[in-house]
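Peer 1: What follows is a single structure, and I will ask about it in a moment.
The values are calculated or read from the model by the stated rules, or taken from the named source; none is laboratory data. Just so you know, these numbers come straight off a predicted model, no measurement behind them. Backbone-built Cβ (ideal geometry, glycine too); neighbour counts: all protein chains shown. We work out accessible area using only protein heavy atoms, side chains counted, and drop any ligands, DNA or RNA first. Shrake-Rupley method; radii C 1.70, N 1.55, O 1.52, S 1.80 Å.
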There are 2 protein chains.
Amino acid sequence: MRIDIVAFDEFTDIDVVLPWDLLHRVREPGWDIRIVGTEPAHHSATGLPLPTHGSIDELSDANVVLFASGMGTRRLIKDPAYLSRLKLDPATQMIGSMCSGALILAALGLLHDIEATTYPTAAAELRTYGVTVVEKAFTSTGNIATAAGCLSAQDLCGWVVERHLGTARRDAMLLGIQPVGRGLRFIDATQVATSYSQPSP
Amino acid sequence: MRIDIVAFDEFTDIDVVLPWDLLHRVREPGWDIRIVGTEPAHHSATGLPLPTHGSIDELSDANVVLFASGMGTRRLIKDPAYLSRLKLDPATQMIGSMCSGALILAALGLLHDIEATTYPTAAAELRTYGVTVVEKAFTSTGNIATAAGCLSAQDLCGWVVERHLGTARRDAMLLGIQPVGRGLRFIDATQVATSYSQPSP
């Protein structure tokens with residue numbers, strides 16, 4: 001099981017690192033979570049450098065591909081050479097996006113005839129692809145999903161984990177990052193200690 | 001105005017990057033947000049390398065100091081040489097922590113006689129410092145604040161922004177990361193376009 005998170009220059013920091021962190025809390029043997037791009041490292045919108053673990057040229061081997069967001073997407077959707085390197089098959093791969101990452105899915109023709117969501121500032125541009133844009137945190141049709149608003153990374157990662165491991169594993173993953181007293185309790189210590197930074201974050 | 005986020009090896013990814021991302025959305029001229037540590041880079045619990053912008057030896061010059069969390073805290077609270085380098089003054093600096101970062105505040109004696117919160121897996125250890133541990137997402141007393149559960153970074157950053165810039169600026173910062181349809185609306189596009197990755201994340 002390989003999950004590739006696609007980054008690029010000017011990515012939105014949290015839209016890469018929140019899915020990255022969440023999916024690592026699943027701790028499922030055999031799950032390989034990677035950040036992929038076109039360079040050895042990409043820089044976020046705030047200037048943080050993030051090394052990549054692989055190339056976008058390897059996406060056809062991934063089981064799940066999640067596109068990050070950020071201003072970088074506006075450049076990439078106008079770059080046919082970049083888009084042609086994204087070898088995706090929605091019949092066999094789960095494909096999702098955070099925020100303006102939906103623009104890349106649209107540019108690849110993956111949102112034809114299905115509804116999708118995106119960040120408010122990308123909604124008008126997404127409609128120019130003929131996409132039915134809905135004002136939702138998350139929407140999925142078959143193997144394609146879009147999430148909008150950084151904290152909706154929970155919905156996107158939840159979609160992946162529920163599909164592969166069920167609702168209980170999904171809920172356990174999400175529990176570990178909730179605010180104490182608003183979803184997470186002190187009595188949950190043992191359960192969340194199984195997250196990646198065990199014995200305790 | 002300088003805000004230093006203190007990282008260390010085995011930090012919890014999201015507990016550094018969520019505050020980092022959120023505070024960059026404020027876009028207040030003169031605000032300098034840095035990640036500081038003891039090395040040129042620190043590695044997260046999942047192995048992501050994160051370069052630092054400065055040293056913990058410079059914390060006395062910061063207006064706000066926010067401690068990250070992660071397994072690394074368990075080692076640091078037993079390291080007198082490390083703790084002695086943290087020159088903090090709660091009379092003049094706002095000092096806060098995410099999750100198990102509260103252990104460092106406790107080790108420095110900053111939580112004496114006030115209530116504090118922490119991640120479930122650190123609650124028992126925090127009590128050994130004589131701290132009154134409360135099961136809350138966030139609690140503050142004067143210039144000291146503790147937040148618990150990764151998503152409570154919103155409360156911690158909100159505390160900083162409200163104190164310096166008021167509630168409207170705090171709310172605008174937090175709006176930009178909410179899920180669409182659950183706090184963030186498409187009609188908010190202009191408002192959230194002022195976030196760091198303008199014109200649109």
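Peer 1: Does any residue of the stretch A:158-172 turn out to be of a type in the set (D, E, K, R), within 14 Å of another protein chain (Cβ to nearest Cβ) and surrounded by fewer than 23 Cβ atoms within 10 Å (Cβ to Cβ)?
Peer 2: no
Peer 1: Please verify whether A:G101 is away from chain B (no Cβ under 13 Å), open to solvent by less than 10 Å² (accessible area, probe 1.4 Å) and within 21 Å of A:C157 (Cβ to Cβ), treating the condition exactly as stated.
Peer 2: Taking the combined requirement at face value, the residue does not satisfy it.
Peer 1: Output the number of residues of the stretch A:5-15 satisfying the condition of being outside any helix (DSSP H, G or I) and crowded, with 24+ Cβ neighbours inside 10 Å. First the steps, then the outcome.
Peer 2: The first filter runs over the stretch A:5-15 and keeps only residues outside any helix (DSSP H, G or I), leaving A:5-12.
Then drop every residue that is not crowded, with 24+ Cβ neighbours inside 10 Å, which leaves A:5-8, A:11-12.
Qualifying residue count for the region: 6.
Peer 1: Which numbered condition trips up B:T146, out of (1) of a type outside the set (A, V, I, L, M); (2) surrounded by fewer than 20 Cβ atoms within 10 Å (Cβ to Cβ); (3) more than 9 Å from chain A (Cβ to nearest Cβ)?
Peer 2: If we test B:T146 against (1) of a type outside the set (A, V, I, L, M); (2) surrounded by fewer than 20 Cβ atoms within 10 Å (Cβ to Cβ); (3) more than 9 Å from chain A (Cβ to nearest Cβ), just (2) comes out false.
Peer 1: Quick check, is A:L126 touching a helix residue (DSSP H, G or I) at 6+ places or on another chain (Cβ under 8 Å), closer than 20 Å to B:A193 by Cβ and of a type outside the set (D, E)?
Peer 2: yes
Peer 1: With (1) within 11 Å of another protein chain (Cβ to nearest Cβ); (2) open to solvent by 10 Å² or more (accessible area, probe 1.4 Å); (3) more than 23 Å from A:F67 (Cα to Cα); (4) among the aliphatic types (A, V, I, L, M) as the list, and B:A189 as the residue in question, which single condition is left unmet?
Peer 2: (3)
Peer 1: Let me ask something additional. Keeping to the stretch B:105-127, report how many residues are within 18 Å of B:L76 (Cα to Cα) and within 14 Å of another protein chain (Cβ to nearest Cβ).
Peer 2: So the answer is 9.
Peer 1: Keeping to the stretch A:89-129, report how many residues are within 13 Å of the chain's Cα centre (by Cα), closer than 14 Å to A:C150 by Cα and not β-branched (V, I, T).
Peer 2: 7
Peer 1: For the stretch A:16-33, enumerate the residues that are more than 10 Å from every other protein chain (Cβ to nearest Cβ), farther than 20 Å from A:L86 by Cβ and either in a strand (DSSP E or B) or in contact with a helix residue (DSSP H, G or I) (Cβ under 6 Å, 6 or more places away or on another chain) (or both).
Peer 2: A:V26 - this is the single residue of the stretch A:16-33 that is more than 10 Å from every other protein chain (Cβ to nearest Cβ), farther than 20 Å from A:L86 by Cβ and either in a strand (DSSP E or B) or in contact with a helix residue (DSSP H, G or I) (Cβ under 6 Å, 6 or more places away or on another chain) (or both).
Peer 1: For the stretch B:34-50, does any single residue satisfy the condition of being in a helix (DSSP H, G or I) and surrounded by 12 or more Cβ atoms within 10 Å (Cβ to Cβ)?
Peer 2: The initial filter retains those residues of the stretch B:34-50 that are in a helix (DSSP H, G or I), namely none.
Within the stretch B:34-50, not a single residue is in a helix (DSSP H, G or I) and surrounded by 12 or more Cβ atoms within 10 Å (Cβ to Cβ).
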